[in-house]
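This report refers to the structure that appears directly beneath it.
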Amino acid sequence: VRESADVSWMARVSSAAQWRLRAFEARGIGQCHAVLVNSALDQEHVRELGGSDVKIAVLDNCVPRSMLDHPWQADPARPPQLLFVGNLAYAPNAAAVRRLVTEILPRVREDVRDAQLTVCGARGEELARELGQHAGVRFSGFVADLLPLYQGSSVMVVPVPVAGGTQYKLLESLAVGLPSVTSRV
């Protein structure tokens, strides 16, 4: 890279930064008892930097591949089912559910009278007490296997006012092909 005249100055800086980052990663790996990674590709990278003695655990931190094997199918005979998934103690998720129940679902039910909303997620007891009496709303609590819910729904709704990190609920619903309606964030 240094001798080639056609490599831009910015590419040279980037190359140097990547080299330093690689050295930093190698030092960090060397100080760990074990390394958690998200994919086989990451595992290969850590093994290359840390050698064969590094204990590596691969944790699938995204959509399980098995979800891709179960594509969602529209079913006109199925009652219209909106779905929200998330940790309900997380304030943006709670705000989204409040908006869904008090503003969005009533407007949907003006046109689609039998539309239902299923809200599932851990730590939603307070929200269920607050909003569970609204027509067409069902709180399911924590659900270990979301695939049947994705399969049985008509649309994933995610009107979160603030989002941080990866929205796994969207990645999962998209993996099965479930249509999704979201806020801009």
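The values are calculated or read from the model by the stated rules, or taken from the named source; none is laboratory data. Quick caveat: nothing in here was measured; it's all calculated off a predicted structure. Ideal geometry is used to build each Cβ from the backbone, glycine not excepted, and the neighbour counts take in all protein chains shown. The protein model used for the area step is the full one, side chains on, heavy atoms only, and it has no ligands, DNA or RNA in it. Shrake-Rupley method; radii C 1.70, N 1.55, O 1.52, S 1.80 Å.
Would you mind stating whether Ala91 is of a type in the set (A, V, I, L, M) and either loosely packed, with under 14 Cβ neighbours inside 10 Å or farther than 22 Å from Ser183 by Cβ (or both)?
yes
Picking from residues in the stretch 121-145 that are open to solvent by less than 30 Å² (accessible area, probe 1.4 Å) and either hydrophobic (A, V, I, L, M, F, W, C) or touching a Pro at 6+ places or on another chain (Cβ under 6 Å) (or both), the one that is nearest to Arg109 (Cα to Cα) is Val137. Here the stretch 1-36 is the region considered, the condition is being modelled with pLDDT of 85 or more and among the β-branched types (Val, Ile, Thr), and the residue that is nearest to Arg65 (Cα to Cα) is Val35.
Filter the stretch 77-88 down to residues that are farther than 15 Å from Val143 by Cβ and surrounded by fewer than 21 Cβ atoms within 10 Å (Cβ to Cβ) and give me whichever is modelled with the highest pLDDT. Restricting to residues being farther than 15 Å from Val143 by Cβ and surrounded by fewer than 21 Cβ atoms within 10 Å (Cβ to Cβ), the top hit is Pro80. Listed by first and then second residue, the pairs linking a residue in the stretch 135-152 that is under 25 Å from Pro71 (Cβ atoms) to a residue that is assigned to a helix (DSSP H, G or I) and open to solvent by less than 40 Å² (accessible area, probe 1.4 Å), with Cβ atoms under 6 Å apart and 6 or more places separating them unless they lie on different chains, are Tyr150/Ser173; Tyr150/Val176. Return yes or no: is Arg65 basic (Lys, Arg) and either within 30 Å of Val155 (Cα to Cα) or in contact with a His (Cβ under 6 Å, 6 or more places away or on another chain) (or both)? For Arg65, the condition - basic (Lys, Arg) and either within 30 Å of Val155 (Cα to Cα) or in contact with a His (Cβ under 6 Å, 6 or more places away or on another chain) (or both) - is met.
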